[in-house]
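Below is one structure, written out as structure tokens, with a few remarks after it.
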Amino acid sequence: MTSENGSSILAFDVGGTNTRMAVFSSHLSIVEADSVATRDLAINGTPQTSIVAHLARWASERPDLHISGVSIGAAYNARQNVVIASAPLLGATAPDRWDVEGALTSRWPQSAWSVLNDLTAAGLGVLHRTSERTRDVLVITLSSGVAARLIRRNGPAVAVDDRWGIAGDVGHLPARFSLNGSSFALPCDCGGVGHLASYISGRGFERVLAQFDSGTTSLESFVGRLNLGDVIAERLLRASIAPLFEFLEIAVTLLPDVDIALIGGFHAALSDHIIRILQELSEKSGPYLLANDDDWLTRRLIPVEPTGNELLGAALYASRSELREELHRW
Ligand SMILES: [Zn+2]
């Protein structure tokens, strides 16, 4: 697959932790890449004007590139093409509506800008990277937050709410968490309590460690303890994965014919342990009747590079007009 008119593409991924840039060749290989901590962007002005200024500057420094795709880590109304909630990215002063595409076009009109939600972008990237497969994919990201997106291969199409234009914010569904026989409800970034993202997102798991594990100073040291077979570390991770496992049981029950791709930075940091514990849990229980198969879950989990999917998806979205026209048409 190449870009529509054979030209290179500029792609951005604006995330809660980092803002990344990549130049893709017409054959979709990365020829240049850069990254900056998102919080370092907001030196002058509001976070949103700083992000727009930074992306426009990156684009203006490459004036021969005229196609720019932007993956944005915020709730995005795909019907109206605006960000509608973005507190983790922009802070408490975030506006109710933010027309990123319009702001970028005003700032650097020499490029054709296309903006989409980060998990939708990641889904397009996963679809491209697994193009040899035939089944639709439920893409689940475990990163700063947790979200899921069902991507249909024949389309591709992403169903969104007819009014709000969003889908798959599963991180804010209620979840059960118990440790050593007692139940706990931890806070979530959204202001709620006891959500899936309270436990199995990067930020949620930091709170789990802060509350229950005084021996851990960083995720790296926690992984080191897991690798050494530390019993307390293993118990904590199992407790945090249990709500994800329950969600996967529901997902497979409702969507029996899809592949499942786990992605995201938090997943990348703990991937081997997460897959191992999911495997062990799925050998003990599962959806009605399916639980008779030891591999009911793992045969659906497809291996995919956990990072970089957002940039690739943004490049695909920006460079292929049929994606922009068809993606949310259901
Ligand atoms: Zn929440």
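The values are calculated or read from the model by the stated rules, or taken from the named source; none is laboratory data. In this text the structure is predicted, and so the values were computed from the model without any measurement. All Cβ positions, glycine included, derive from the backbone under ideal geometry; neighbour counts span all protein chains shown.
Structural remarks
Let's see how each residue does on (1) modelled with pLDDT of 95 or more; (2) among the polar types (S, T, N, Q); (3) farther than 22 Å from Val160 by Cβ:
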| residue | (1), (2), (3) |
| --- | --- |
| Ile51 | no, no, yes |
| Gly69 | yes, no, no |
| Gly73 | no, no, no |
| Ala78 | no, no, no |
| Asn81 | no, yes, no |
| Ile84 | no, no, no |
| Thr93 | no, yes, yes |
| Thr105 | yes, yes, yes |
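- Failed item, numbered, when Thr216 is tested on (1) within 14 Å of the ligand (Cβ to nearest atom); (2) closer than 16 Å to Ala233 by Cα; (3) modelled with pLDDT under 95; (4) crowded, with 21+ Cβ neighbours inside 10 Å: (1)
- Within the option set Leu138, Leu116, being assigned by TED's automatic domain parsing to the domain that holds Trp164 and either within 25 Å of Cys190 (Cβ to Cβ) or not charged (D, E, K, R) (or both) holds for one residue only, Leu138.
- Residue in segment 228-239 that is nearest to the ligand (Cβ to nearest atom), counting only those that are part of a helix (DSSP H, G or I) and hydrophobic (A, V, I, L, M, F, W, C): Ala239
- Test: residue in segment 195-202 that is within 15 Å of the ligand (Cβ to nearest atom), of a type in the set (S, T, N, Q) and touching a helix residue (DSSP H, G or I) at 6+ places or on another chain (Cβ under 9 Å): yes
- Remark: Val31 matches the filter, which requires a residue to be modelled with pLDDT of 95 or more, more than 15 Å from Ala74 (Cβ to Cβ) and surrounded by fewer than 18 Cβ atoms within 10 Å (Cβ to Cβ).
- Within segment 5-25, the residues that satisfy the criterion of being in contact with a Leu (Cβ under 9 Å, 6 or more places away or on another chain) and more than 15 Å from Ala59 (Cα to Cα) are Gly15, Gly16.
- Criterion: within 12 Å of the ligand (Cβ to nearest atom), among the β-branched types (Val, Ile, Thr) and touching a Gly at 6+ places or on another chain (Cβ under 7 Å) - qualifying residue of Val146, Val170, Val139: Val146
- Pairing each residue of segment 180-205 that is farther than 18 Å from Ala233 by Cβ with any residue that is among the small types (Gly, Ala, Ser) and more than 10 Å from the ligand (Cβ to nearest atom), provided the two are 6+ apart or on different chains, yields C-beta distances under 6 Å for Val193/Ala185; Gly194/Ala185; Arg203/Ser144.
- Any chance Gly191 is within 14 Å of the ligand (Cβ to nearest atom), farther than 26 Å from His54 by Cβ and surrounded by fewer than 21 Cβ atoms within 10 Å (Cβ to Cβ): yes
- Test: residue in segment 251-259 that is within 14 Å of the ligand (Cβ to nearest atom), under 20 Å from the mean Cα position of the chain (by Cα) and surrounded by 15 or more Cβ atoms within 10 Å (Cβ to Cβ): no
- Odd one out for Ser60 among (1) in contact with a strand residue (DSSP E or B) (Cβ under 9 Å, 6 or more places away or on another chain); (2) within 18 Å of Ser114 (Cβ to Cβ): (1)
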